[in-house]
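Quick notes on the structure that follows.
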Amino acid sequence: MRFGFSTAGESHGPAEVTLVHGVPAGMDLVSEDVNRDLSRRQQGYGRGGRQKIERDEVEFLGGLRHGKTLGSPLSMLIRNMDYANWEMRMTPEPVERGKHSEPVTLPRPGHADLAGMQKYAFDDLRNVLERSSARETTARVAAGGVAKKLLSEFGIEVRSAVYRIGEAACDKERAALDAAKADASDVRCPDPEVAERMKAEIDAARYARDALGGEFVVVAEGCPPGLGSYVDWRDKLDARLAAAIMSINAMKGVEFGLGFEVARRRSSEVQDEILLEDGRLVRASNRLGGLEGGMTNGEPVVVSAAMKPISTIAQALRTVDLSTGEPARAFRERADSCAVPAAAVIGESMVAVVLAEAFLEKFGGDNMTDIRSAHEAYLQRIQDTHRAAGNGG
């Protein structure tokens, strides 16, 4: 079975659940491998009150024994601490409509509320918002922790950095190069001066009872050439990465390398020229973000994304009360002023999942021993090819 995951759970339900399939047997895995990123997802300047309630930690329910994966589906549970305050409103058991089950009928512009109600014939938008909430990304980050652990076994590291919040921005390429420093900042920007400007923008938005979006970059270093394929459109790695990033709540754009900048340049200013240095084929640049023809080319994979401001804001935008047809103000619950730093961590997770899937497609194997053998043989063949090129073929 291909590497991948499914999630279940509602924002204020009992828990978020992740089922990861296609995990090879024999991989070392402990709670901290997942909890590390769960904690990073909860941090960030501009986060709302929900993060003060939750203390996200994983519980393994299956697929792991004595710190080693079994090759069977890996089941993980993350409890929602806030469920204690919502049990009557979110209980799976039937209830009569009343104090704890009054329908919510004020859809938020920019959210899944209205379209979800229309699609599923609901008369209560809580049935939509509980699942469409970004709380679901907790379960994705758990899956990403497993994927990152797998990739790290083969020298592939996935990091992220924020390079824009509102009008405050630093150079995207610089942020990508310095992504390892991002966690030192509470807006996850590696440029300290720009980070302070970002915080000022968030403060101003919060004071105006509003919210901000921004942009982040994810960098995966150590990928061998040849992950993905040019043969079929469904196997092109950049397409799969784009879909994964765009599946994250509030994403409205995705780029690779220079991104849309390539449309303004001549070809000679865009392509990554191939050089032979010390018997190795290398690139003179990485303008295309480590991807050519739907495959990795051996350079770092660089993916960036644009996130719109979240839909739930204190000033509440105009809407229509679906129970009366009257003009109204949109539904409000706890919300963030800015969730871009958290979104960058989620972006890491989604990139890691797609890369892990492509890595296992390339090197196969039900267990880590066979995968390592295939990986080492492939790298040796490429090295031999480079050596032959250096010797004139």
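The values are calculated or read from the model by the stated rules, or taken from the named source; none is laboratory data. Everything numeric in this text was worked out from a predicted model, so none of it was measured. Every residue, glycine among them, receives a Cβ derived from its backbone with ideal geometry; neighbour counts consider all protein chains shown.
Scanning the stretch 347-393 for residues that are part of a loop (DSSP other than H, G, I, E, B) and surrounded by fewer than 16 Cβ atoms within 10 Å (Cβ to Cβ) returns GLY364, ASP366, ASN391, GLY392, GLY393.
Is it the case that the stretch 68-88 has a residue that's at pLDDT 95 or above, touching a Phe, Trp or Tyr at 6+ places or on another chain (Cβ under 8 Å), small (Gly, Ala, Ser) and closer than 21 Å to ALA352 by Cα? Among the residues of the stretch 68-88, at least one is at pLDDT 95 or above, touching a Phe, Trp or Tyr at 6+ places or on another chain (Cβ under 8 Å), small (Gly, Ala, Ser) and closer than 21 Å to ALA352 by Cα, which makes the answer yes. Among the residues of the stretch 296-343, count how many are buried (at least 22 other Cβ atoms within 10 Å of the Cβ) and out of contact with any Asp or Glu (no Cβ under 9 Å at 6 or more places or on another chain). Count: 4.
Restricting the search to strands (runs of 3 or more DSSP E) fully inside the stretch 270-346 and requiring at least 1 residues that are free of Cβ contacts under 8 Å to residues at least 60 places away in the same chain and farther than 24 Å from VAL187 by Cβ gives 274-277, 280-283, 327-329.
One line per residue, one yes/no per condition, for (1) more than 21 Å from the chain's Cα centre (by Cα); (2) without any contact (Cβ under 8 Å) to a residue 40 or more places away in the chain:
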| site | (1), (2) |
| --- | --- |
| ASP210 | yes, no |
| GLY214 | no, no |
| VAL217 | no, no |
| LEU227 | no, no |
| VAL231 | yes, yes |
| ALA243 | no, yes |
